[in-house]
Ligand SMILES: NC(=O)c1ccc[n+]([C@@H]2O[C@H](COP(=O)([O-])OP(=O)(O)OC[C@H]3O[C@@H](n4cnc5c(N)ncnc54)[C@H](O)[C@@H]3O)[C@@H](O)[C@H]2O)c1
């Protein structure tokens with residue numbers, strides 16, 4: 001099956017990024033959100049992002065016009081019926097996603113595939129809410145979607161080989177380099193990244209090095225573009241803590257114990273850039 005039209009649920013940070021990636025690759029995107037305001041904001045974000053690419057001479061004005069014409073914004077789920085693949089990129093809330101997925105499942109053609117962009121919810125569990133667990137899969141894009149090359153493709157317990165092949169093919173048509181991972185908390189990237197950040201807090205708490213030296217060490221010694229503590233400030237310390245708590249609970253392994261310093265900073269409301277203060281002051 002060749003995917004010609006992709007439905008996207010949610011016009012937020014990830015949804016509009018996915019719509020842009022589709023449209024630039026010549027694939028029709030139908031982006032649905034709950035309010036016209038959210039849809040309009042998503043489309044305006046794509047337009048602004050394409051303008052920046054024109055300024056950098058990575059895109060022509062004609063290519064922008066062609067891409068924008070491929071994006072249809074809507075507040076009506078019925079408009080998703082035309083899609084061979086629907087990517088759910090709505091707010092990260094389990095109950096909400098269940099409701100959305102049941103609704104979409106009842107609308108789509110039987111052969112259509114449903115994917116979720118969830119960062120933390122089990123793909124196998126979400127698939128079980130639909131009547132098509134074999135045609136359900138995870139597509140975990142990275143932010144900002146148009147810039148980031150990776151898509152983690154997550155196979156649920158019942159995902160079929162045909163579904164995996166179709167979604168891998170689409171990811172490559174979007175210009176992405178997909179990797180495939182079996183369903184497990186954190187998939188690959190966050191499973192490794194967030195415990196590394198947590199470990200950086202242990203090193204800081206033990207007084208082994210200053211925050212600046214920990215970050216400089218990982219940048220200069222491992223070629224990381226940003227140090228783990230500065231990255232924690234960007235992600236939000238509360239988000240990092242929540243992720244570690246999920247790993248501790250789901251794997252039942254004490255190696256995922258959140259660093260007490262991380263917990264203290266979250267309790268104090270020092271959440272990173274968004275509160276003006278985290279490991280560093282902004
Ligand atoms: N932001 C990231 O860095 C990132 C990275 C990878 C994955 N994700 C995942 O992507 C998903 C979306 O995250 P985001 O950062 O784009 O969130 P966001 O808050 O920017 O956007 C979510 C959008 O979903 C919409 N929405 C809520 N309920 C809806 C419904 N019933 N129908 C249609 N739309 C609805 C909201 O109005 C909002 O516009 C989440 O599952 C998140 O875990 C986020």
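Rule-based calculations on the coordinates, nothing more; no lab input. Owing to the predicted nature of the structure, the values given are computational and were not obtained by experimental measurement. For neighbour counting, all protein chains shown are included, and Cβ atoms are generated from backbone atoms with ideal geometry for every residue, glycine included.
Looking only at residues in region 165-179 that are touching a strand residue (DSSP E or B) at 6+ places or on another chain (Cβ under 7 Å) and surrounded by 15 or more Cβ atoms within 10 Å (Cβ to Cβ), which one is nearest to residue 248 (Cα to Cα)? Out of the qualifying residues, it is 179.
Within region 111-137, the residues that satisfy the criterion of being more than 10 Å from the ligand (Cβ to nearest atom), under 15 Å from residue 98 (Cβ atoms) and in contact (Cβ under 8 Å) with a residue 40 or more places away in the chain are 122, 123, 124.
Here is a list of conditions, (1) under 19 Å from the mean Cα position of the chain (by Cα); (2) within 12 Å of the ligand (Cβ to nearest atom), and residue 85 meets all of them except one; can you say which number that is? Unmet condition: (2). When residue 201 is tested against (1) buried (at least 20 other Cβ atoms within 10 Å of the Cβ); (2) without any contact (Cβ under 8 Å) to a residue 60 or more places away in the chain, just one condition goes unmet, and that condition is (2).
Of the helices (runs of 4 or more DSSP H) entirely within region 196-257, those holding at least 2 residues that are farther than 17 Å from residue 277 by Cα occupy 211-222, 237-251.
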